[in-house]
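The values are calculated or read from the model by the stated rules, or taken from the named source; none is laboratory data. Since we're looking at a predicted model, the values are computed, not measured. Here Cβ is always computed from backbone atoms with ideal geometry, including for glycine, and neighbour counts include all displayed protein chains. Remember, those area values only see protein heavy atoms, side chains included, never the ligands or the DNA or RNA. Shrake-Rupley method; radii C 1.70, N 1.55, O 1.52, S 1.80 Å.
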Amino acid sequence: MELQMTIIFIFFLIVSSADVKLKSHQSGIKGGSITFPDPLENGIFIFQGTNIAEVKDKKIDILEETYKDRLSWNNKTGLFTIRGLKRNDSGVYSIDPKKGFSSKRSHKLSVYESVAAPAVEAVNVSAESCSFLCLVKKTEETTLLWYKDEEIINQSSSALSLPLTVHRHDVTSSYRCVAANPAENKTLHVDVRNICVGLNSGSKSDPNTGRYMIIIPIVLAVIVVLVALFIRWFVLKHKKSTIQTQVNRYSDVVYSYVHINADRCSQRRNLPDSSELDEHLGLRSVYYKLVQHPLSPPETDDHVYDQTTNFPHA
């Protein structure tokens, strides 16, 4: 009797161990989806020992209400897919083709929260090094990692921040901060050279430094252009004013050639006295010395006039 009980106990141990033997460990993100890698043509789909669906004659019958709108079966590939994953979907799923205990295939599913995106803060810079922190808002099942090129140089699990110090001779390397869990990871690349240059020695990072480095040259260029335009306007205005003054100065002067007939000059002695002529005509004579103006047209007459006597020379 005891021998029979021992055999039965061993048999159950073998069956139990066969039932929990896992073929794979699957990871999923809350709200995402997962497709199990083993196909099923006919049989039962099981979760934690409970039948949740049955496949028969190329059709699926979902047995559990919670999977009605989330579980599907592909009649071409024979694969099961669960959509809209929840945290309580974590557990062991088995595909049983009903061909004996050894044909049962089990997969463990772990559903995780989505990974928070990491951020990087520069906290200090000296003549020889820069110091950074990789930060996340939540740490549940999240690991932080610092990569230098393709090498992990620092990591921590369930921590809100992870420090990194970069020395001067290493600033040309590529750095990135990674927040990860078994289901996904998010990466932030860090331009160490620009961040370190933008910091003042011993001070914290100023996010506006890069912006100022761009704005200042633009403002200076605009000022130079405005000054150049003002100088050009001032010169043109002064030049125009000078020209206008010269035009106004000589606008009342009218020049004309004077022709004196020599015969008329020789008859001068026969002309009546000017005073008598003035009285006779009721006119008054005005005499003024005729002098050639520097701006007058050049003389074209063959005679040269004496500027003192106003009479031509022979």
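At-a-glance table
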item: Among residues of the range 100-125, those that are in contact (Cβ under 8 Å) with a residue 12 or more places away in the chain, outside any strand (DSSP E or B) and over 28 Å from the mean Cα position of the chain (by Cα), counted; result: 4
item: The range 142-180, subset among the small types (Gly, Ala, Ser) and farther than 22 Å from residue 29 by Cβ, residue surrounded by the fewest Cβ atoms within 10 Å (Cβ to Cβ); result: 174
item: Subset of the range 93-102 (residues that are surrounded by fewer than 16 Cβ atoms within 10 Å (Cβ to Cβ) and either of a type in the set (Gly, Ala, Ser) or modelled with pLDDT of 95 or more (or both)); result: 100, 102
item: Hits in the range 81-99 (condition: of a type in the set (Gly, Ala, Ser) and within 38 Å of the chain's Cα centre (by Cα)); result: 84
item: Which listed residue, of 105, 83, is under 30 Å from residue 182 (Cα atoms) and modelled with pLDDT of 95 or more; result: 83
item: Looking only at the range 194-216, and only at residues there that are in a helix (DSSP H, G or I) and more than 18 Å from the chain's Cα centre (by Cα), the one that is modelled with the highest pLDDT; result: 196
item: The range 142-161 - residue that is assigned to a loop (DSSP other than H, G, I, E, B) and not small (Gly, Ala, Ser) and, of those, nearest to the chain's Cα centre (by Cα); result: 149
item: Residue within the range 181-192 that is assigned to a helix (DSSP H, G or I), among the hydroxyl-bearing types (Ser, Thr, Tyr) and open to solvent by 30 Å² or more (accessible area, probe 1.4 Å) present; result: no
